[in-house]
Amino acid sequence: DKFGSKNGDNGMYFFIPDTLSSYENKFSIIYDKMDQTSLVGQLSYAKGEKLKLYGKGEFFIYSPTTEEYAWQMPNYRFTISAWYDIADKIIVKGDVFLIGNRKVFSYNEPIDNEYEFINNRYIYSLKPFLDMNLGIEYRYNKRISAFINFNNFTASNYQRWSSFPVQSINIFGGATFSF
């Protein structure tokens with residue numbers, strides 16, 4: 001899971017600001033045992049091999065043992081995906097991701113956020129964000145194809161991780177050949 005992971009007996013790991021970096025532009029890892037309650041719902045629909053739709057909603061409740069919060073981990077996450085095949089030649093794919101608030105902290109006072117000051121840390125929340133991706137693939141035949149993906153194609157400006165704004169739009173293309 002990209003929002004944190006189990007690490008054997010040490011519990012979960014969380015990304016926190018690296019105190020060796022004066023600008024807090026690096027992360028360190030802290031471990032804590034944690035209980036997590038997840039409520040998950042998912043729907044999918046397929047019409048043959050031409051159309052596939054998928055939706056998933058997840059709500060999270062975290063109870064870390066030592067830390068105040070589950071740092072950088074969202075309180076909810078929604079995903080909607082679609083895949084459409086036009087005449088076995090052109091595939092259109094789309095994804096929409098909505099990621100909820102994430103608690104983070106800084107050793108420097110935040111300028112644009114409301115915060116709490118606990119244990120010599122400025123604790124605040126990163127705002128939820130919406131990210132949309134679009135992909136198009138042309139299949140010349142079953143072995144040769146070309147594709148182009150537009151990630152964050154609405155050029156949204158948000159922070160996935162504290163102090164790390166995402167790039168506005170990412171265009172990635174390529175070709176595939178199988179033998």
Read phi for every residue in region 96-113 and hand back ³J(HN,Hα) as whole Hz from Karplus 6.51 cos²θ - 1.76 cosθ + 1.60, θ = phi - 60°, with x for Gly and Pro.
10, 10, 10, 10, x, 4, 10, 6, 9, 9, 9, 8, 10, 5, x, 8, 9, 10
Listed by chain and number, the aspartates and glutamates with an alpha carbon less than 18 angstrom from that of Lys26, same-chain partners under 8 positions apart left out, are Asp18, Glu109
For the chain, built as a Gaussian network whose Cα springs stay under 10 Å, the top-fluctuating residue of Phe129, Phe78, Phe164:
Phe164
Average projected area [Cα convex hull, the chain], square nanometres:
13.4
For region 92-179, what log10 I(q)/I(0) values come out of the Debye formula at q = 0.11 1/Å, with one point per alpha carbon and no solvent?
-0.48
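Dipole magnitude of the chain about its Cα centre, charges +1 at Lys/Arg Cβ and -1 at Asp/Glu Cβ only, in debye to the nearest 20?
Values: 19 positive and 19 negative charges, 200 e Å.
Magnitude of the dipole: close to 960 debye.
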Using the Cα centre of the chain as origin and beta-carbon charges of +1 (Lys, Arg) and -1 (Asp, Glu), tell me which of Ile123, Ile169, Phe60 is placed farthest towards the positive end of the dipole.
Ile169
Accessible surface, per residue, of the chain when the full set of protein chains is kept, probe 1.4 Å, Å²:
65
Please report, as a whole percent, how much of the solvent-accessible surface of the chain comes from carbon and sulfur atoms (probe radius 1.4 Å).
56
Cβ-based charge dipole, the chain, positive-most Cα from Ile90, Gln36, Tyr13
Ile90
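Mind checking the dipole of region 104-179: about its Cα centre, +1 per Lys or Arg Cβ, -1 per Asp or Glu Cβ, Debye to the nearest 20?
Working: 6 positive and 6 negative charges, 125 e Å.
Here region 104-179 has a charge dipole of around 600 debye.
The values are calculated or read from the model by the stated rules, or taken from the named source; none is laboratory data. This structure is a prediction, so every number in the text was calculated from the model and none was measured. Cβ coordinates were reconstructed from backbone atoms using ideal geometry, including for glycine residues, and neighbour counts include every protein chain displayed. Remember, those area values only see protein heavy atoms, side chains included, never the ligands or the DNA or RNA. Shrake-Rupley method; radii C 1.70, N 1.55, O 1.52, S 1.80 Å.
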